[in-house]
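To start, the structure itself, in C-alpha cells.
The values are calculated or read from the model by the stated rules, or taken from the named source; none is laboratory data. Keep in mind it's a predicted model, so treat the numbers as computed, not measured. Glycine gets a Cβ as well: all are built from the backbone with ideal geometry, and neighbour counts include every protein chain shown. Ligands, DNA and RNA are stripped out before the accessible areas are found, and what is left, the full protein with its side chains, is counted by its heavy atoms. Shrake-Rupley method; radii C 1.70, N 1.55, O 1.52, S 1.80 Å.
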Amino acid sequence: MKTLAATSLWRDRRFRTFWSAQGVSEFGDRITELALPLIAVTMLDASPSQVGFLTAAVWLPNLASLFIGTWVDHRRDKRPLMIAADLARTVLLLTLPVAYWLDFLALGHLYVIAILAGTAHVVFNTAYASFFVRIVGRDQYLEANSKLSATRSLSFMGGPAVGGLLVQWLTAPIAIVVDALTFAFSAVQLSRLKVAPGVPEESEEPLLRRAAAGMRYVLKHPYINRSLGCATTVNFFNLMSMALLVLFASRHLGLSAGVIGVAFGVGASGGLLGAVAASPLSRRFGAGPVIAAGAVIFPGSVAIAALAGGPTWWKAVALAVAEFVGAFAVMCFDVPLNSLQAAVIHDHMRSRVVGAFSSINYGIRPLGAVVGGFLGTWIGVRETLLVSAAGGLLAVLWLVGSPIIRTRELTGLEPPSL
C-alpha cells in the first residue's frame with residue numbers, strides 16, 4: 001500500500017506542478033546562498049562579523065513569523081500570497097545585478113535585500129503549511145515530505161556547483177539573476193494550480209490576541225514544544241557555523257569559488273540519500289529515534305571541515321564529507337519531524353502555529369549568525385566552528401523523556417483538543 005500511495009503522488013498533476021515550482025526555486029536558492037556571502041567576502045572585503053550580520057539579516061524577518069502567520073490564517077486562499085512572495089523575491093534579487101552594473105553595490109544594499117527577501121520567504125512559508133495539506137492526503141504526508149526533501153537535496157547537490165561556476169565565470173551578481181528567474185517560474189507554476197481554498201479562521205479577535213493564542217498552542221503542545229526546543233538549539237549553533245563556512249573555506253582552506261561549490265554539491269548528495277532513506281528508517285526504527293539521531297549527527301558534522309588540514313585537495317574532500325554527513329542527518333531530522341507536526345496541528349491553526357514556531361526556531365538564527373561572526377573575529381573562525389559542533393549536541397536533550405522520542409508511527413497521531 002505504501003508503494004501505491006507513493007506512486008499516486010507522481011500521478012497527481014497538482015502535486016507534480018507544485019513539486020516543480022518548489023524544485024526549481026530551491027535550485028535558485030542554492031546559487032544565492034553561495035553568491036551573497038561571496039559578494040561580501042570577495043567584492044566588498046567583508047569581515048567575519050559583517051558576514052555574520054549578512055547571514056543574520058536573511059533570517060531576521062522570522063522574528064515576525066508569528067504575526068505574519070496569524071495574518072495569513074485569516075486569508076481563505078493562501079495561493080495568491082505565495083505567488084506574491086515569489087514575485088517580490090524576483091524583483092528584489094534583480095536589483096543586485098543592476099546595482100553592480102551601475103557600480104553602486106554596497107554591503108548596505110545586501111543587508112536590505114536580505115531582510116526584504118527574507119520577509120517574502122516568511123509569508124510564503126506560513127502560507128505553505130496550509131497549502132500543503134490541501135494537495136496531499138494525511139496518509140501521504142511522510143512520502144510527500146520525503147519527495148520534496150529529496151528534490152531539495154538535489155538542489156544542494158547541483159545548485160552550489162552550478163552557482164560556484166557561474167560566480168567564477170560571470171561574477172556573483174550576475175549569477176543571482178538565475179535565482180530571480182527561478183522564483184518567477186515558481187510563481188507561474190503556482191498560478192496554474194487549482195486548489196480549493198481552506199476554511200479561514202473566523203475569529204474576530206484582534207491580531208495580537210490571536211497571535212498569543214498561537215504561541216500558547218505551540219508552548220503547551222506536548223509534541224510541538226519539545227520539537228521547538230530541539231530545533232531551536234540546532235539552529236542556533238548551526239547558524240554560528242553557517243555564517244562563517246564560506247569564509248572559512250575561501251580564506252582559511254584556500255579554496256576557489258568553483259571548488260567550494262563543487263564540494264558543497266558533492267557533499268549535498270548525502271541529503272538526497274537521507275531524504276530517500278528517512279521514510280524507511282522511520283518505519284524500521286521509529287520516527288522519534290530517527291529524529292533524535294539526526295539532532296545529534298547534523299550539528300556535529302561541521303567539526304569534520306573545521307579540523308581539515310593538509311593539501312588543498314584533502315581540504316576540499318573534508319569539506320565535502322562534512323556536508324555529506326550533515327545533509328544526510330538533517331533530512332533524517334526534518335522529514336519525520338515535519339510529517340509529525342503536520343499530523344498533530346489543527347487545520348485552522350496551521351499558519352499561526354508555523355509562524356509561532358518559526359518566530360523562535362528561525363528567529364534564533366540571526367542571533368546565532370551574529371554570535372558566530374563575533375566569535376570568529378574574537379577567537380578565530382576554525383575555533384568557532386568547533387564550538388558550534390560541540391554546542392549543537394545539546395539539542396537532543398530536549399527529546400529525552402518527550403513523547404516524540406517514543407513515537408514509532410504517525411498514522412495514529414491526532415491533534416489534541418483545543
For the chain, what is the mean residue ellipticity at 222 nm derived from helices alone (per DSSP H run of n ≥ 4: -39500 (n - 2.57); sum divided by total residues; nearest 500 deg cm²/dmol)? -25500 deg cm²/dmol
Return one number: the angle in degrees, 0 to 90 and rounded to the nearest 10, between the long axis of the Cα atoms of helix 2-11 and the longest principal axis of the Cα atoms of the chain. 70 degrees
Can you tell me the Rg and Dmax of region 1-111, counting just the alpha carbons, in angstroms? 18.6, 59
GNM on the chain, Cα springs under 10 Å; top mean-square fluctuation among ARG365, ARG152, ARG216 goes to ARG216
State which stretch of the chain is the longest one without any exposed GluC sites (Glu not before Pro), exposure meaning a DSSP loop state and at most 15 other Cβ atoms within 10 Å. 205-408
For the chain: relative contact order, % (alpha-carbon pairs under 8 angstrom, 6 or more apart): 29 percent
Give the share of C-alpha pairs in each 20 angstrom bin for the chain, from 0 to the last occupied bin, in whole percents, shortest bins first. 27, 62, 11, 0
Expected max-MSF residue from PHE15, PHE298, PHE357 in the GNM of the chain (alpha carbon, under 10 Å) is PHE15
What is the distance, in nm, between label points placed 7 Å from the Cα along the Cα-to-Cβ direction at LEU44 and at ARG14? 4.2 nm
Roughly speaking, to the nearest percent, how much of the chain's 1.4 Å accessible area is carbon and sulfur? 68 percent
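Taking only protein heavy atoms into account and a 1.4 Å probe, give the accessible area per residue of the chain in Å². Kindly include the intermediate steps, with their values, before the conclusion.
Values: 16870 Å² over 418 residues.
Per-residue accessible area for the chain comes out at 40 Å².
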Between ALA84 and ARG408, how many nm apart are label points set 7 Å from Cα along the C-beta direction? 4.7 nm
Could you derive backbone 3J(HN,Hα) for region 35-41 from the dihedral phi with the Karplus parameters 6.51, -1.76 and 1.60 (θ = phi - 60°), listing whole Hz in sequence and x where the residue is Gly or Pro? 5, 4, x, 5, 4, 5, 6
Under a GNM of the chain (C-alpha, springs under 10 Å), which listed residue has the highest mean-square fluctuation: VAL290, VAL400, VAL335? VAL400
Starting from the Cα of LEU208, step 7 Å along the direction of its Cβ; do the same at VAL98; then give the gap between the two resulting points in nm. 3.7 nm
Along region 294-307, Karplus-curve 3J(HN,Hα) (6.51, -1.76, 1.60; θ = phi - 60°) to the nearest Hz, with x for Gly and Pro, reads x, 5, 8, 6, 4, x, x, 5, 5, 4, 4, 6, 4, 8
Extension gain, ALA390 back to VAL112 (0.36 nm per residue minus Cα-Cα distance, nm): 96.8 nm
